[in-house]
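Read the structure below first, then the notes.
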Amino acid sequence: MSISVLRTADAWWVSTPTGAAWVDTAAATTGQLLADRAALAAAASNTEIVPVESLALVSPVTAPCRVVAQMTNFASHVRDSGGDPGTVPLTFFRKSSGSISGPLDDVIRPAHVQLLDYEVEIGLVFGKEMPVGTAITADNLAEYVAGLVVTNDVSARDVQLPKTQFYEAKSYPTFTPVGPALVLLDADELKRFTDLRLRLWVNGAARQDMTVADMIYGPVETLQALTRFQRLDAGDLLLTGTPIGTAISAPPKPVEIIASLLPAATKWKLFFKGQAKNPKYLRDGDIIEAAVATDDGAIDLGRQRTVVRYAR
């Protein structure tokens with residue numbers, strides 16, 4: 001049975017049907033908390049509760065930790081980017097854990113960034129170390145994946161694209177809102193991973209809405225590839241990709257072909273001039289809401305609400 005873990009600046013909590021129960025633990029990090037399952041179980045049955053709304057929630061994933069992300073991992077997103085889902089490789093990139101922020105924190109756009117984008121994603125949180133060479137299978141996946149979180153892979157597109165690398169563009173502070181809850185799942189619940197639906201709204205208007213069934217590489221295949229070269233530890237976070245609906249989209253094929261013949265500086269100048277007219281990029285004061293759940297509500301990772309603010 002799932003346990004929804006919440007965190008405030010000075011404590012851990014378990015969400016119950018009637019409120020939040022304090023967790024009696026000395027754990028300072030997510031990894032340490034996941035090793036104290038007895039404390040979590042005790043809190044889940046505690047009758048002394050407080051309203052969840054009274055808690056100032058922060059990310060249930062603590063930093064520092066490893067933050068790894070998958071690139072173009074939803075078929076709909078690949079097609080929208082001008083690619084072929086049948087040939088897209090399994091690709092990873094890293095984000096700084098300094099980008100992690102809470103589910104209600106402002107998203108701060110740096111002054112030099114113009115094209116700020118959103119990507120709702122499911123985060124896998126690991127509960128057990130995975131040294132390089134660990135054999136991951138469908139049968140043992142739940143031994144390593146402790147739970148799931150809602151994440152938003154905020155991206156500075158005008159930094160990302162010309163530099164052809166993702167680390168800087170996705171690692172500014174507040175560029176990885178996480179939470180509200182870290183939902184710990186048992187093996188049977190984790191088998192329903194493909195039933196999860198990702199949703200994102202900007203100012204109440206739906207932008208993204210797709211189930212994990214659209215995902216190209218699932219957790220087993222992903223971790224089999226990742227553990228060939230990357231060690232992972234308890235409390236580390238893997239973002240698993242986003243579906244169609246982000247602000248950015250590929251130009252029409254004829255335009256793309258013509259642009260490929262231009263010098264790089266000219267190509268990007270023209271591209272960004274066109275993108276500047278796109279109203280979907282995030283603006284000062286925009287409200288982003290992101291949620292992940294199964295359609296029947298049996299698994300619900302909660303809903304985060306963040307507000308975009310321009311750095312002055």
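A few notes on this one:
- Counted residues, region 290-310 - those being farther than 16 Å from ARG157 by Cβ and open to solvent by less than 40 Å² (accessible area, probe 1.4 Å): 11
- Elements of type strands (runs of 3 or more DSSP E) contained in region 1-97, each with 2 or more residues being within 27 Å of LYS191 (Cβ to Cβ) and modelled with pLDDT of 95 or more: 3-8, 11-16, 67-71, 91-95
- Restricting attention to region 263-312, the residues being without any contact (Cβ under 8 Å) to a residue 12 or more places away in the chain and assigned to a helix (DSSP H, G or I) number 6.
- Looking across VAL61, VAL68, one residue alone is in contact with a Ser or Thr (Cβ under 6 Å, 6 or more places away or on another chain), aliphatic (A, V, I, L, M) and within 17 Å of LEU232 (Cβ to Cβ). It is VAL61.
- The strands (runs of 3 or more DSSP E) found wholly in region 144-249 and carrying at least 2 residues that are free of Cβ contacts under 8 Å to residues at least 40 places away in the same chain occupy 205-211.
- Tabulated pairs, region 76-101, first open to solvent by 20 Å² or more (accessible area, probe 1.4 Å), second assigned to a strand (DSSP E or B) and small (Gly, Ala, Ser), C-beta under 7 angstrom, 6+ apart or interchain: PHE92/ALA69; PHE93/ALA69
- Test: residue in region 119-136 that is of a type in the set (Lys, Arg), open to solvent by less than 30 Å² (accessible area, probe 1.4 Å) and either more than 19 Å from LYS280 (Cα to Cα) or outside any loop (DSSP other than H, G, I, E, B) (or both): no
The values are calculated or read from the model by the stated rules, or taken from the named source; none is laboratory data. Please read these numbers as outputs of a predicted model, since none were measured by experiment. Counting neighbours? That spans all protein chains shown, and the Cβs are built from the backbone with ideal geometry, glycine included. Ligands, DNA and RNA are excluded from the accessible area calculation, which covers all protein heavy atoms including side chains. Shrake-Rupley method; radii C 1.70, N 1.55, O 1.52, S 1.80 Å.
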